[in-house]
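The values are calculated or read from the model by the stated rules, or taken from the named source; none is laboratory data. Here the structure is a predicted model, which means the values were calculated and not measured. Glycine gets a Cβ as well: all are built from the backbone with ideal geometry, and neighbour counts include every protein chain shown.
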Number of protein chains: 2
Amino acid sequence: MEFRRITFTIGVLLCGLAMAMLLPASIDLIDSNLDWQVFAFASGATFFVGSLLSLTAPLDAVSMEVGVREGFLLTTLTWIIISAFSALPFVGLGIGYSDAYFEAMSGLTTTGATVLVQLDHLPRGILLWRSILQGLGGLGIIVTAIVMLPFLRVGGMQLFQTESSERSEKTFPRAAQLISATAGIYGLLIVACAITYAVLGMTSFDAFCHALTTLSTGGFSTHDKSFGFFQSTSLEWVSILFMVLGSLPFVVMIKSLNGGPTVLWKDEQVRGLVILLVTVSLLLAIWLTLTRGTPFLEAILSSTFNVVSVVSTTGYVIEDYTLWGSFAIGMFFLLTFIGGCAGSTSGGMKIYRLQIAKSLVGDHFERLVSPHRVLTLRYNGRRLPADVPFSVIVFLAIYMASIGIFTVLLSVLGLDLVTSLSSAATSLGNVGPGLGDIVGPAGNFSTLPNSAKWVLSMAMLLGRLELFTVLVLSRPEFWQA
Amino acid sequence: MEFRRITFTIGVLLCGLAMAMLLPASIDLIDSNLDWQVFAFASGATFFVGSLLSLTAPLDAVSMEVGVREGFLLTTLTWIIISAFSALPFVGLGIGYSDAYFEAMSGLTTTGATVLVQLDHLPRGILLWRSILQGLGGLGIIVTAIVMLPFLRVGGMQLFQTESSERSEKTFPRAAQLISATAGIYGLLIVACAITYAVLGMTSFDAFCHALTTLSTGGFSTHDKSFGFFQSTSLEWVSILFMVLGSLPFVVMIKSLNGGPTVLWKDEQVRGLVILLVTVSLLLAIWLTLTRGTPFLEAILSSTFNVVSVVSTTGYVIEDYTLWGSFAIGMFFLLTFIGGCAGSTSGGMKIYRLQIAKSLVGDHFERLVSPHRVLTLRYNGRRLPADVPFSVIVFLAIYMASIGIFTVLLSVLGLDLVTSLSSAATSLGNVGPGLGDIVGPAGNFSTLPNSAKWVLSMAMLLGRLELFTVLVLSRPEFWQA
């Protein structure tokens, strides 16, 4: 294994992170808030370490060649180390390191669970920093999902192999091109979202911060009441639109720039997500109308916003939907697992895995009845590669097993069952809010013990990197090979 | 499909059930309790329908030839219809049909969840009937698991194919021999358990009833306080022993009659179960000693009894372990999923599936690191048949998905999250007690709405017949083929 390629890449990324820290430094300087020094100092420290790491690597490491095992290690280490440095400004502002690391990991994994309280009274620098973390994390995961995960064949992601992610242990041709296109469309969507938010009444600061956390399906807000602060029907509909856009596969979006919107609708994943969102939102709206007498138009906005917020794994809250009754609670618990499309900023199990699992189960039943039948499984009009079905099902099984293990770990630390189960699910799915008084939509993760915050940070990392990328490092054979 | 073979078999089984109903009739007659008429009438009605069904079938249906599709239908219909008739005595005693069907299904699936209260004041006839249902259900599932499920290739059960369960669409040679041996050893263990219970202080009635529900890992008791009624250390240790015996694979037990106890220990499933039970019991005992100051010897009995009761899916309760704190709750929640060995009376996911899943995951990780490696997976010293790994993993995924779906269904019916989630898990796993005030170890299923009782009856059936046997009937291709 060539560790210098790993240190080089992480070094370069740290230098980029250091640059990003200058943004909150600037806004605090404009606001005459002395916190700018914290950001400036953190930026300096991060840049120092980053440049050391990248400079110690020899020039030939720059070729971007990377092997499979290096890929796993690089991806996991990147998220752990970038989080560690992203936490520095929080520490500088007097937040304990457990809280700071949790907040940074929650930001970069675009989970959106927060341990900070009284957001409305915090200086703009720190609020901007949280939003930037989600913006960067969102871009990071799209690039990882397009370039790295298919190459590592993680949990069925080999299905999304493009020319730039072939497992040839060679360089990534055209990767740079694809990354630029992705970053371009991601940036444009953020700008479009920010402008619309501002036009519809947000301050330009709120608009920018929320645009970053909408498209990254992150869900950090600048207000304790989250998106509910704005109390604006039009803002909520706009947010629904951009949360959905953030959970669509970016490669398909790039293609639709030439092929038009029908390209999007022809994609099985996109269609599955939209049908799911519409169905569940309608069901919940009808439930709200029938059981609580909410006018249907009001109910459909409420249900759509919350369903899209959870399924896209954004985690914005406009009201405490756990007060909607047992059906809503059960439904939102289940929705926490699902997630958006692969190659987007959203987390969860991902739509394509559930679709493939559905056809695998159908196929399995057919074979139980007629054992000698041979069926060809297809997805998105193409034959499924031979190793995809098993990878997908193993992923789903490990996903659910992980939630079980995290639930027990958290219950050892003293959390009640609903809190430990739902916080495990919401962290692994990178959603944000869980259920119950503590981690529910009306709660806050700040009162959890520090140990639980570390466990949940680990869960966020695992979920974000599709489990296997991290878990494989714990296998002896990884280090022996 | 030859429906007459199905009706013949069910008819014969109903006649047997009618005979069994004469036992509680006799005991009520001895007690001069007029309830004997209810049992006698139910017996007559059941025998009438049973003999009609078996006599209308032509003689050639008696040959016991059965096809795959007939096998699925026969197995599922048997459990549904036998439960319907087993519920008759409860109805005759003034219990509503929803409650009666729930109790009968809970008995025959050896789940052990009950809707009856004030058991201590009930006449002996009905108490005996509940125990007999579990005794019969236990034998029924062992025979099904040895003869039918491997033949149907359900969820990896093809691993346990013997000469008597080959998928040849032919007759079952030697099936009768294996069934007799199983019934013999099962009956002997029940007698041995009953005698030991009686010697250690139970009344002979209690001893017989509890022996039936111990070996069937069912868990119905004749007392509201369940096994806690007896307050006897020695009875609890004996119960632990026989619950474990009930969750061992009966085919291996038969083999060990010749080969000695090392045959048992050499079996990977048996070893896995014992190691699991010892480890978790020790962990919980240490937890109890450290957090609650319970003397270690007392703690080890408490923890072992409850762990064995849940993992063997018996469901006896000696105390409310949900008062042991969050770790115990989380742990017992997880244990609800596991279950005992295949080919025993216990439910859950089964030890062998978890063991196979573990090696599959290990294998998957190795391949992620070294894609071109070819590994041969083995279980119990033999190569895994080609279709077992996928069947096992699909089973686990559907098992967990089913719990999710049942949870939402139950929450629609108004149950809170802990109740709906844990009752779904405990019913699907055929365990018995769930978590929370209502369905927890100190609670009772009687206060649930009738609709929830039907949903849970369905969950018990699904879990008992290893999901696929029932689910396959809902597929259009089953009826088209």
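Take the range A:351-371 and flag every residue that is within 14 Å of chain B (Cβ to nearest Cβ) and not hydrophobic (A, V, I, L, M, F, W, C). Passing the criteria: A:Arg353, A:Gln355, A:Lys358, A:Ser359, A:Gly362, A:Asp363, A:His364, A:Glu366, A:Arg367, A:Ser370, A:Pro371.
Counting only residues that are assigned to a loop (DSSP other than H, G, I, E, B) and surrounded by 24 or more Cβ atoms within 10 Å (Cβ to Cβ), the range A:442-454 holds 1 of them. Look at (1) over 30 Å from A:Arg153 (Cβ atoms); (2) within 14 Å of chain A (Cβ to nearest Cβ); (3) not in a loop (DSSP other than H, G, I, E, B) and you find that B:Ser309 fails only one, number (2). Counting only residues that are at pLDDT below 95, surrounded by fewer than 22 Cβ atoms within 10 Å (Cβ to Cβ) and not aliphatic (A, V, I, L, M), the range B:99-119 holds 1 of them.
Only one entry of A:Thr56, A:Thr76 meets the criterion of being hydroxyl-bearing (Ser, Thr, Tyr) and under 30 Å from A:Thr447 (Cβ atoms), and that entry is A:Thr76. Look at the range A:110-158 and say how many of its residues are outside any helix (DSSP H, G or I) and of a type in the set (Val, Ile, Thr). Count: 6.
Among the residues of the range B:311-325, at least one is surrounded by fewer than 22 Cβ atoms within 10 Å (Cβ to Cβ) and at positive phi. Just one of the listed residues (A:Ser427, A:Ser422, A:Ser346) is over 27 Å from B:Val472 (Cβ atoms), in contact (Cβ under 8 Å) with a residue 24 or more places away in the chain, more than 10 Å from every other protein chain (Cβ to nearest Cβ) and in a helix (DSSP H, G or I), and it is A:Ser427.
B:Gly96 falls short on exactly one of the conditions (1) modelled with pLDDT of 90 or more; (2) within 20 Å of the chain's Cα centre (by Cα); (3) not basic (Lys, Arg), and that condition is (2). The single condition from (1) away from chain B (no Cβ under 11 Å); (2) within 29 Å of B:Phe332 (Cα to Cα) that A:Gly330 fails is (1). Among the residues of the range A:150-163, those identified as closer than 16 Å to A:Val252 by Cβ and within 14 Å of another protein chain (Cβ to nearest Cβ) are A:Pro150, A:Met157, A:Gln161.
Would the range A:220-234 turn up any residue that is under 23 Å from A:Ala145 (Cα atoms) and buried (at least 22 other Cβ atoms within 10 Å of the Cβ)? Scanning the range A:220-234 turns up at least one residue that is under 23 Å from A:Ala145 (Cα atoms) and buried (at least 22 other Cβ atoms within 10 Å of the Cβ).
With respect to being facing chain B (nearest Cβ under 7 Å) and part of a helix (DSSP H, G or I), A:Gly404 fits the description.
Residues in the range B:372-396 that are within 7 Å of chain A (Cβ to nearest Cβ) and either more than 27 Å from A:Ile338 (Cα to Cα) or surrounded by fewer than 22 Cβ atoms within 10 Å (Cβ to Cβ) (or both): 1 in all.
Counting the residues of the range B:120-156 that are modelled with pLDDT under 90 and of a type in the set (Val, Ile, Thr) gives 3.
With a requirement of 1 or more residues that are in contact (Cβ under 8 Å) with a residue 24 or more places away in the chain, the helices (runs of 4 or more DSSP H) lying completely within the range B:187-290 that satisfy it span B:204-215, B:233-246, B:250-259. Can A:Gly343 be described as out of contact with any Leu (no Cβ under 6 Å at 6 or more places or on another chain) and not hydrophobic (A, V, I, L, M, F, W, C)? When the stated conditions are applied, A:Gly343 passes them. Which residues, taken from the range B:87-109, are touching a residue at least 60 places away in the same chain (Cβ under 8 Å) and not in a helix (DSSP H, G or I)? Once the filter is applied, which keeps residues that are touching a residue at least 60 places away in the same chain (Cβ under 8 Å) and not in a helix (DSSP H, G or I), the range B:87-109 yields B:Gly96, B:Thr109.
The residues of the range A:430-452 that are more than 13 Å from chain B (Cβ to nearest Cβ) and on the phi > 0 side of the Ramachandran plot, listed by number, are A:Asn430, A:Gly432.
Can you find even one residue in the range B:96-103 that is charged (D, E, K, R) and farther than 28 Å from B:Val455 by Cβ? Within the range B:96-103, none of the residues are charged (D, E, K, R) and farther than 28 Å from B:Val455 by Cβ. Among residues of the range A:455-469 being outside any loop (DSSP other than H, G, I, E, B) and within 11 Å of chain B (Cβ to nearest Cβ), the one that is surrounded by the most Cβ atoms within 10 Å (Cβ to Cβ) is A:Thr469.
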